[in-house]
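See structure below.
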Amino acid sequence: MVYVRLEKEWTDGDGVGHSSGDMIDVDAATLAKLQAAGIVGGESADQGSTGGGKEGTDWLGPT
């Protein structure tokens with residue numbers, strides 16, 4: 001799972017609405033779809049913390 005900040009409003013597969021600026025956990029497949037649609041930006045919210053992100057990079061991926 002990856003913790004990301006939404007750049008735009010988004011409704012998940014369960015019908016739950018999320019506002020722009022919300023922080024959410026998503027899986028890698030959902031992250032790819034959100035990036036392709038421009039709903040998430042290029043930075044992970046947990047850079048350098050619990051999972052694979054390195055501080056100062058734009059890497060988004062599974063943690």
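Table for the structure above
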quantity: Spacing of the two label points (7 Å from each Cα toward its C-beta) at V16 and A32, in nm; calculated: 2.3
quantity: Integer Hz, Karplus 6.51/-1.76/1.60 couplings in order for region 27-36, x for Gly and Pro; calculated: 7, 4, 5, 5, 4, 4, 5, 5, 5, 4
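All of the numbers you see were taken from the coordinates with simple rules; none came from a lab. All values reported here derive from a predicted model rather than from experimental measurement. Because the Cβ atoms are built from the backbone with ideal geometry, glycine has one as well, and the counts that use them run over all protein chains shown.
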